[in-house]
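The values are calculated or read from the model by the stated rules, or taken from the named source; none is laboratory data. All values reported here derive from a predicted model rather than from experimental measurement. Positions of Cβ are backbone-derived with ideal geometry, glycine not excepted, and every protein chain shown enters the neighbour counts.
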């Protein structure tokens, strides 16, 4: 049992103010209780914001070199405790330890710290235009609200640039991923982050989010979560006219052009969709294939799923773990049943747990074909291991249908040449496009169009979110 019953505020661990609600932390692979989590209220949020507000003037006045040195210290401690982090992530949300937690989930926390250090060394915090000096200054006190699906990735990609910029912050991680957030906080404390610069409390987003977003001492809110959560935060922040950065949902299209190796690309698309048990906002959940190659794509996707090993995330050879929590488990199974009820063809998977797994929030890798654009599984973000295959007649049609979504986070295009794939990518209304199986790039902007959010994270673009621009005119005469 690892309880998370206190919050990190003003450089110390402290108990919640008043009587806090307490919920169980559940191992999604076993459904066993792993600890208890205290949920903070408005008093706790007020204390954390006050600590960040008080610490801001001194921290904002530090030099870039001093902040780089701090980030280097954090990275050194993180690297020392990276195995602990991998174990905590697997405990929190069930990512397979060998296939995902160690090589990707935990590693990304360190990678974002290292990226922030590299960007800070080269970032133009000051430049001259004419007789004016343009200065980039920290935006102020930031509240950071993060999800459970890539818990440390989402924490680190906000905290690292915020620290590099000179901001102070309050982190509210998901109560469904408490252990990894606590460990990250311990790492920052061990590395010597000044008191009040970083604060962390748990809480139910619907209950505590409005306070974190609306408080006039908060200058910026950065949230990764659902589109509904993004709308709620935006409403709460509106009266005080503060900056809001949102990384929200997606329903990303994966277009296989007629010139592509359809079998290879369809298999790759299915594997990518099932990675992290489908719990990625940029997952390629809509696979568009030429109608006359549909059977070929179906076979390849089903064969790829058959090679996925679903089970105990701590066991050797497991490549797909459980859904991260019961609420999402029930939602995914409901949407799979909805796909069946609406007439999509179920090629593999379904609503039942995988054979031999009677406990845990496990879902089979599921592939539907004959999916039509109006169907629920083609419109809503399932956030589980569910792939929809949609046939098309022309590439123009595929692009039009790919864009006919309220989301615009990511896109995927495979063609015989990069030039051909790039031409299709330019027509997609998305913040990112992966060509011919390209992976993510931590130096590239991460974010989307339309209801997929506002602003960008990662790399230099991530710095921009945490900075204000000041023009000092006449200073260069």
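Determine whether region 201-215 contains at least one residue that is assigned to a loop (DSSP other than H, G, I, E, B), at pLDDT 95 or above and farther than 24 Å from residue 109 by Cα. Within region 201-215, one or more residues are assigned to a loop (DSSP other than H, G, I, E, B), at pLDDT 95 or above and farther than 24 Å from residue 109 by Cα.
If the condition is being over 24 Å from the mean Cα position of the chain (by Cα) and either crowded, with 16+ Cβ neighbours inside 10 Å or outside the structural domain of residue 174 (by TED's automatic domain parsing) (or both), then region 63-72 contributes 67, 68, 70.
The criterion of being crowded, with 20+ Cβ neighbours inside 10 Å, in the same structural domain as residue 408 (by TED's automatic domain parsing), closer than 30 Å to residue 152 by Cα and at pLDDT 95 or above does not hold for residue 327.
Determine whether region 43-60 contains at least one residue that is modelled with pLDDT of 95 or more, in contact with a strand residue (DSSP E or B) (Cβ under 8 Å, 6 or more places away or on another chain) and outside any helix (DSSP H, G or I).
Applying the first criterion (modelled with pLDDT of 95 or more) to region 43-60 yields 43-60.
Adding the requirement that they be in contact with a strand residue (DSSP E or B) (Cβ under 8 Å, 6 or more places away or on another chain) leaves 44-45, 47-49, 51-53, 55-56, 59-60.
In the following step, the residues that additionally are outside any helix (DSSP H, G or I) were identified as none.
No, region 43-60 contains no residue that is modelled with pLDDT of 95 or more, in contact with a strand residue (DSSP E or B) (Cβ under 8 Å, 6 or more places away or on another chain) and outside any helix (DSSP H, G or I).
Remark: pairs (first residue in region 42-54, surrounded by fewer than 20 Cβ atoms within 10 Å (Cβ to Cβ); second residue part of a helix (DSSP H, G or I); Cβ separation under 6 Å; 6+ apart in sequence or on different chains) = 42/211.
Of 333, 327, all but one fail to be without any contact (Cβ under 8 Å) to a residue 24 or more places away in the chain, outside any loop (DSSP other than H, G, I, E, B) and within 23 Å of the chain's Cα centre (by Cα); the exception is 327. Here residue 109 does not qualify as in contact with a helix residue (DSSP H, G or I) (Cβ under 7 Å, 6 or more places away or on another chain), assigned by TED's automatic domain parsing to the domain that holds residue 73, more than 30 Å from residue 36 (Cβ to Cβ) and at pLDDT 95 or above. The numbered conditions (1) modelled with pLDDT of 95 or more; (2) surrounded by fewer than 18 Cβ atoms within 10 Å (Cβ to Cβ); (3) in the same structural domain as residue 465 (by TED's automatic domain parsing) are all true for residue 228 except (1).
Looking at the structure I just gave you, is residue 121 more than 14 Å from the chain's Cα centre (by Cα) and within 28 Å of residue 5 (Cβ to Cβ)? Spelling it out, it is not the case that residue 121 is more than 14 Å from the chain's Cα centre (by Cα) and within 28 Å of residue 5 (Cβ to Cβ). Touching a strand residue (DSSP E or B) at 6+ places or on another chain (Cβ under 6 Å) and closer than 24 Å to residue 26 by Cα: is that true of residue 223 in this structure? Yes; evaluated as a whole, the condition is true for this residue. For region 412-423, the criterion of being under 20 Å from the mean Cα position of the chain (by Cα) and outside any helix (DSSP H, G or I) is met by at least one residue. Being closer than 20 Å to residue 257 by Cβ, over 25 Å from the mean Cα position of the chain (by Cα) and assigned to a helix (DSSP H, G or I) is true of residue 396.
Restricting attention to region 336-355, the residues that are assigned to a loop (DSSP other than H, G, I, E, B) and in contact (Cβ under 8 Å) with a residue 24 or more places away in the chain total 5. Do we find a residue being buried (at least 24 other Cβ atoms within 10 Å of the Cβ), closer than 25 Å to residue 465 by Cα and either in contact (Cβ under 8 Å) with a residue 24 or more places away in the chain or touching a helix residue (DSSP H, G or I) at 6+ places or on another chain (Cβ under 6 Å) (or both) anywhere in region 82-103? Within region 82-103, none of the residues are buried (at least 24 other Cβ atoms within 10 Å of the Cβ), closer than 25 Å to residue 465 by Cα and either in contact (Cβ under 8 Å) with a residue 24 or more places away in the chain or touching a helix residue (DSSP H, G or I) at 6+ places or on another chain (Cβ under 6 Å) (or both).
When residue 318 is tested against (1) crowded, with 22+ Cβ neighbours inside 10 Å; (2) out of contact with any strand residue (DSSP E or B) (no Cβ under 6 Å at 6 or more places or on another chain), just one condition goes unmet, and that condition is (1).
Could you please let me know if residue 384 is at pLDDT below 95, assigned to a loop (DSSP other than H, G, I, E, B) and under 18 Å from the mean Cα position of the chain (by Cα)? For residue 384, the condition - at pLDDT below 95, assigned to a loop (DSSP other than H, G, I, E, B) and under 18 Å from the mean Cα position of the chain (by Cα) - is not met.
Within region 124-162, being surrounded by fewer than 24 Cβ atoms within 10 Å (Cβ to Cβ), farther than 18 Å from residue 242 by Cα, in contact with a strand residue (DSSP E or B) (Cβ under 8 Å, 6 or more places away or on another chain) and in contact (Cβ under 8 Å) with a residue 40 or more places away in the chain holds for 125, 128, 131, 132, 133, 134, 135.
Test of understanding: among 176, 198, which residue is over 29 Å from residue 275 (Cα atoms) and modelled with pLDDT of 95 or more? Don't jump to the end; show me each part of the working.
Working: 176 fails: over 29 Å from residue 275 (Cα atoms).
Result: 198 is the single residue among 176, 198 that is over 29 Å from residue 275 (Cα atoms) and modelled with pLDDT of 95 or more.
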